[in-house]
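S.K.: Here it is: the structure, laid out below.
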Amino acid sequence: MSKKRVVIAGMGFGGLRAAKALGDSGLELILIDRNNYHLFQPLLYQVATAGLEEEEIAYPLRGLIRGWKNATFLLAEITGVNVADRTIQTDGETIAYDYLIVAAGSRTNYFGMESVANNAFDLKRLDQAEDMRNQILLMFERASRESDISRRKALLTFVIVGGGPTGVEFAGALRELIVYVLSKDHPTIAVSETRIVLIEAADSLLTAMPEDLREYARHKLISMGVEVMLESKVVGATEETVELFGGMTIGTHTLLWSAGVAAAELAGAIPGIERAGAGRLVVNADLTIPGHPEIMVVGDMACCLANGAPLPMMAPVASQQGEYAAQSILARERGATLPPFRYRDKGAMATIGKSSAVAVTRGFKFRGYIAWLAWLLLHLFYLVGFRNRVVVMMNWTYAYWFQERQVRIITAKKRRGGRS
């Protein structure tokens with residue numbers, strides 16, 4: 001009798017957790033991803049701000065599964081799912097499954113604004129972080145030899161849209177990069193000439209945090225020199241401007257978009273499934289899709305309700321759902337079932353800059369150095385790979401004591417697939 005086959009589509013946080021739980025189960029395991037590595041997305045902004053190298057936050061998937069007897073990795077793009085035949089179509093072959101865990105994650109949501117999509121940078125992939133870093137360094141190079149005052153000002157203006165953890169952390173890291181490193185690399189550019197603008201449509205930053213921590217984060221960023229614009233909406237962009245609702249424009253060549261995400265394109269390849277906001281697939285309480293108990297959806301692609309509202313599109317949710325999906329499959333193979341999925345909210349945190357962060361967990365609130373230290377330790381713990389943990393810790397220690405960023409190599413003068 002052949003072994004049951006489990007296919008995991010996507011190796012982000014949810015897919016990785018499911019794979020680890022099933023790695024020694026005796027089931028046949030096929031992992032599919034468009035990349036050959038697992039990416040630790042929460043630290044992408046540090047690659048973009050010259051703090052870390054790309055390979056320090058990624059881990060090769062084939063190395064991960066090397067010791068698993070019944071696991072296979074396939075580098076492929078999934079083009080469709082045939083739920084009737086229980087097969088997945090990829091750009092190379094068709095793969096049958098007994099169980100399918102869909103964990104393809106999310107993509108950036110520009111809310112239909114094509115001009116923003118064409119002119120903004122985002123942080124979902126390693127190459128995008130490298131593009132962002134190249135852009136920042138190039139803007140300083142060009143500004144250092146620009147004689148026109150208005151154009152120089154636009155080159156040195158950086159606009160970040162989205163006041164969630166990514167936007168806040170990127171703004172703080174970019175400000176420190178400019179103050180401690182780039183201003184020294186370019187003595188003809190004064191720190192006062194640079195401008196970082198953080199734009200948020202809501203009335204506060206970090207809306208998932210308690211009010212006092214939100215205010216702490218806002219005041220901390222302002223004290224660092226970041227302009228915070230609340231209750232402001234971006235409605236368009238060009239190569240040299242960002243347009244706000246009400247007619248205001250900001251001259252800039254660098255726009256980072258972190259204002260929203262939507263389910264990955266794979267959600268549209270699964271026919272007959274109800275889709276909720278942001279293109280997410282509506283799932284049952286056990287993460288299966290209606291009518292197909294062999295298919296489970298986890299992470300950003302799943303619209304799973306808790307207290308009447310969809311769970312947030314965050315890594316902790318994806319990880320817990322990935323673990324649940326794996327344990328559910330193992331239970332069903334034993335002839336048992338698990339109770340419905342229940343998300344255990346362990347809190348949230350965001351770093352603002354050196355020795356400064358905000359965190360909330362189990363009703364306790366932290367800010368400043370203690371929260372920053374907790375943020376460091378937690379991110380080191382969840383990084384995949386011993387070498388990555390050691391190297392990242394060494395880089396953070398070096399940056400803390402010497403206020404230096406080593407990754408300042410411009411690898412391309414033109415953005416891949418976009419503007420120069």
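S.K.: Being more than 13 Å from the chain's Cα centre (by Cα) and crowded, with 16+ Cβ neighbours inside 10 Å is the requirement here; does Glu146 meet it?
M.R.: yes
S.K.: Might you let me know whether the range 45-52 holds any residue that is closer than 22 Å to Glu294 by Cβ and either at pLDDT 95 or above or buried (at least 23 other Cβ atoms within 10 Å of the Cβ) (or both)?
M.R.: No, the conditions are met nowhere in the range 45-52.
S.K.: Let me ask something else. Report, by residue number, each residue of the range 149-162 that is surrounded by fewer than 20 Cβ atoms within 10 Å (Cβ to Cβ) and either within 24 Å of Phe111 (Cα to Cα) or within 20 Å of the chain's Cα centre (by Cα) (or both).
M.R.: Passing the criteria: none in range.
S.K.: Residues that are under 30 Å from Arg62 (Cβ atoms) and of a type outside the set (Val, Ile, Thr), at least 1 per element: which strands (runs of 3 or more DSSP E) completely within the range 76-180 meet that?
M.R.: The strands (runs of 3 or more DSSP E) meeting that bar are 78-82, 87-90, 94-96, 99-102, 106-108.
S.K.: Related question: Which residue pairs have Cβ atoms under 8 Å apart, sit 6 or more places apart or on different chains, and have a first residue in the range 223-240 that is more than 14 Å from Trp257 (Cα to Cα) and acidic (Asp, Glu) and a second that is in a strand (DSSP E or B) and modelled with pLDDT of 95 or more?
M.R.: So the pair list comes out as Glu227/Arg195; Glu227/Ile196; Glu227/Val197; Glu227/Leu198; Glu240/Gly251.
S.K.: Test Lys124 against the criterion of being free of Cβ contacts under 8 Å to residues at least 60 places away in the same chain and either closer than 27 Å to Leu383 by Cβ or not assigned by TED's automatic domain parsing to the domain that holds Lys233 (or both), and give yes or no.
M.R.: Spelling it out, it is not the case that Lys124 is free of Cβ contacts under 8 Å to residues at least 60 places away in the same chain and either closer than 27 Å to Leu383 by Cβ or not assigned by TED's automatic domain parsing to the domain that holds Lys233 (or both).
S.K.: If I ask for residues that are in contact with a helix residue (DSSP H, G or I) (Cβ under 6 Å, 6 or more places away or on another chain) and not in a strand (DSSP E or B), which ones from the range 344-361 would you list?
M.R.: First, pick out the residues of the range 344-361 that are in contact with a helix residue (DSSP H, G or I) (Cβ under 6 Å, 6 or more places away or on another chain): 349-353, 355-359.
Scanning the range 344-361 gives a single hit, Ser355.
S.K.: Quickly run through the range 244-288 and pick out the residues that are surrounded by 16 or more Cβ atoms within 10 Å (Cβ to Cβ), closer than 26 Å to Ile136 by Cα and free of Cβ contacts under 8 Å to residues at least 60 places away in the same chain.
M.R.: Leu244, the sole residue that qualifies.
S.K.: Would you check which residues across the range 56-110 are within 15 Å of Arg5 (Cβ to Cβ), of a type in the set (Phe, Trp, Tyr) and within 26 Å of the chain's Cα centre (by Cα) and list them?
M.R.: Across the range 56-110, the qualifying residue is only Phe73.
S.K.: Taking Leu44 as the residue in question, decide whether it is in contact with a strand residue (DSSP E or B) (Cβ under 8 Å, 6 or more places away or on another chain) and of a type in the set (A, V, I, L, M).
M.R.: Taking the combined requirement at face value, the residue does not satisfy it.
S.K.: While we're here: Please give the number of the condition Ile409 fails out of (1) under 28 Å from Tyr37 (Cβ atoms); (2) surrounded by 12 or more Cβ atoms within 10 Å (Cβ to Cβ); (3) over 22 Å from the mean Cα position of the chain (by Cα).
M.R.: Answer for Ile409: the failing condition is (2).
The values are calculated or read from the model by the stated rules, or taken from the named source; none is laboratory data. None of the values given here were measured: they were computed from a predicted structure. For neighbour counting, all protein chains shown are included, and Cβ atoms are generated from backbone atoms with ideal geometry for every residue, glycine included.
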